[in-house]
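Pasting a structure here, questions to come.
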Amino acid sequence: MVKPFSLSWRHWLVAIALTASSWAGLPRLVWAQLSPVLVEQFLADPQFSEPRDPLLPDLLVERPLSPLEKLALEAELDELALETEARYLEEGAAESIFIDWMREVRLRRILGYEAELAAIQRVGLRMWENSRAEEIQLLSLRLREIQADLLTQQPLNVELFEEVVAAFEVLRDVDSAVSVYETLLERAIQSGDRDEQQRLLENLASLRENWFRFEPAAATYQTLLTFAGNDLEEIEYLKGVIRNYQDLEELQAAIEFQRRLASKYEQTLQPQLIPSLTLAIARNYRGLDSLTEAQTYYSATYSGALAQGQTDVASDALQDLADLYLEDEQLEDVLYLYEQRLAVEQLSYNGYGLMQTFDNLGRFYEAQDLPDNAIAAYKEALIIAERLNYRDGYFKFRLQALLYEQDRLEVMPLDQHLANPVGALQDPNLWIGNRRF
């Protein structure tokens, strides 16, 4: 069992609980000014501050714990962590549980940064899940202390800095996580270490993108393009720029880098990657209402995809182009493109694609007031739908609606129904409860 609290230690922990209790239950975090006394007590070194935690041994003279004493403390903290987690899962968000978690984090400091950072990440996640604003602020302050101390060490411990960043991310303190990388990047620039600069920029770009900071992420990937040492790196950085400009809906900027990427695919003899990229360019031009450029890239996508045997991409290009012509009321072109799409879907034995294209044809003919053609298209779609066991009810409804409008829906007369009455049941089973007789 973990040692119980002393009275003075309990008073300090209750102070944390009382300060934090007003934040419990809030749907999201609301930051407040922390008490200076609370901050000082939490950040003080637990080996030398008062009140002394009962998990620490009583010493005749003030000194750091010995390696053997640290091993004993580690075992007790592991036990405390397991007990606290078990209580949390059983009891829920009780105040005493959060007190124990913060107590554990504070004592892990004695065991070194690696143990402390692991505890901050684990406990910080629980604090965030429960909207514990005070505790999260205290943990962030402690992380900044660790960061400042690590910066004084030579050589820099890259692994520990990565753990600091991970801990800031757990606490949703993304600005501080970014600041860590920016500080390290500045030092790498001063030392002229380009490999380290590239590594840090990659981490920074990924961090910004993961937290939806698309504009600085795009800028970071563009900076990385100046570090690319081979085609593979350049391609990955171009993709990063494109992703973030797409998320920003800055389509013109995305197109610029998409075209650079297409050229890189050509240079590196990767034609199989070009059709899906030119399709994305066409869609971006369409989003910009640059219809001439969109048509050009749709056509290039179609021919390129067929050459690479990518019938799915070719079909998508034809459908998009048909939608474009339909908006412009170029009806003959729409019909031609649907027929081409049927040929493409037949080439790939794509039943779902054929069914969808016949559906599009049927609705197209309906809009043009050509019911016979629409009926023929829906019948083809129904045959496929019944084989796929998918959407057959929809196509039956479309057919029945059209046939009814054309007075061609066959309904059996009432006298024929009466002339074919249902016969009597043969040897019916009689049921009483669950027994059959």
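Please work out how much length the chain gains when fully extended from Gln33 to Asp175, using 0.36 nm per residue of separation minus the C-alpha to C-alpha distance, in nm with one decimal.
Numbers: separation 142, 0.36 × 142 = 51.12 nm, distance 1.87 nm.
Roughly 49.3 nm would be gained on extension.
Calculate the length of the line joining the C-alpha centroid of the range 91-170 to that of the range 256-289, in whole Å.
Using only Cα atoms, the two centres lie 45 Å from each other.
Follow-up question, since we're still on this one. For the range 95-107, what does the Karplus curve 6.51 cos²θ - 1.76 cosθ + 1.60, with θ = phi - 60°, yield as ³J(HN,Hα) per residue in whole Hz, taken in order and with x for Gly and Pro?
4, 5, 5, 5, 4, 5, 5, 5, 4, 4, 4, 4, 6
Which FRET efficiency value, to the nearest 0.05, do you get for Gln154 and Arg363 by plugging their Cβ-Cβ distance into 1/(1 + (r/R0)^6) with R0 = 60 Å? Please report the intermediate quantities before stating the final value.
Values: r = 71 Å, r/R0 = 1.18.
It comes out at approximately 0.25.
Can I ask one more? What number comes out for the charge environment of Val344, summing +1 per Lys or Arg and -1 per Asp or Glu over other residues with Cβ under 12 Å away? List each step's numbers first, then the result.
Details: positive: Arg341; negative: Asp312, Asp316, Glu339, Glu345.
It works out to a net charge of -3.
Could I ask something else about it? Short version: ³J(HN,Hα) in whole Hz for each residue of the range 110-122, in order, from phi by Karplus 6.51 cos²θ - 1.76 cosθ + 1.60 (θ = phi - 60°), x for Gly and Pro, what are they?
Using θ = phi - 60°, the values come out as 5, 8, x, 4, 4, 5, 5, 5, 4, 5, 4, 5, 5 Hz.
Rounded to the nearest 20 Debye, what is the dipole magnitude of the range 350-408 about its Cα centre when Lys and Arg each give +1 and Asp and Glu each give -1 at the C-beta?
Details: 7 positive and 9 negative charges, 46 e Å.
So the dipole magnitude of the range 350-408 works out to roughly 220 debye.
Which of rounded, prolate, oblate describes the range 321-413, given a ≥ b ≥ c as roots of the alpha-carbon gyration tensor eigenvalues and a/c under 1.5 marking rounded, otherwise prolate only if a/b is larger than b/c? Walk me through the numbers before you get to the answer.
On the way: a/c = 2.78, a/b = 1.29, b/c = 2.15.
Oblate shape, in that a/c is at least 1.5 and b/c is the bigger or equal ratio.
For the chain, state what percent of all Cα-Cα pairs lands in each successive 10 Å bin, counting from 0 Å until the bin that includes the largest distance.
4, 14, 16, 13, 13, 13, 12, 9, 4, 1, 0, 0
I've got another one for you. Using 1/(1 + (r/R0)^6) with R0 = 25 angstrom and r between the beta carbons of Gln308 and Tyr336, what's the FRET efficiency to the nearest 0.05? Spell out each step's value before the answer.
Numbers: r = 23 Å, r/R0 = 0.91.
That gives a FRET efficiency of 0.65.
Hey, rough spin-label estimate for Ser96 and Val61, points 7 angstrom out along Cα→Cβ, what's it come to in nanometres?
That separation, rounded to one decimal, is 3.9 nm.
Something else: I want the local charge near Leu184. Using Cβ-Cβ distances under 11 Å, sum +1 for each Lys or Arg and -1 for each Asp or Glu among the other residues.
That works out to -3.
Scale the Cα Rg of the range 70-142 by the rule-of-thumb value 2.2 N^0.38 Å and send over the ratio, two decimals. Show your work: numbers first, answer last.
Working: Rg = 11.7 Å, N = 73, 2.2 N^0.38 = 11.2 Å.
Ratio of Cα Rg to 2.2 N^0.38 Å: 1.04.
Can you show me the helix-derived [θ] at 222 nm for the chain, built from DSSP H runs with n ≥ 4 at -39,500 (n - 2.57) apiece and divided by the number of residues, rounded to the nearest 500. Mind dumping the intermediate values first?
Values: 20 runs with 313 residues, N = 437.
So the calculated ellipticity at 222 nm is -23500 deg cm²/dmol.
Rule-based calculations on the coordinates, nothing more; no lab input. Keep in mind the model is a prediction, meaning the values are calculated, not measured. A quick note on method: Cβ atoms are made from the backbone with ideal geometry, for glycine too, and the neighbour counts reach across all protein chains shown.
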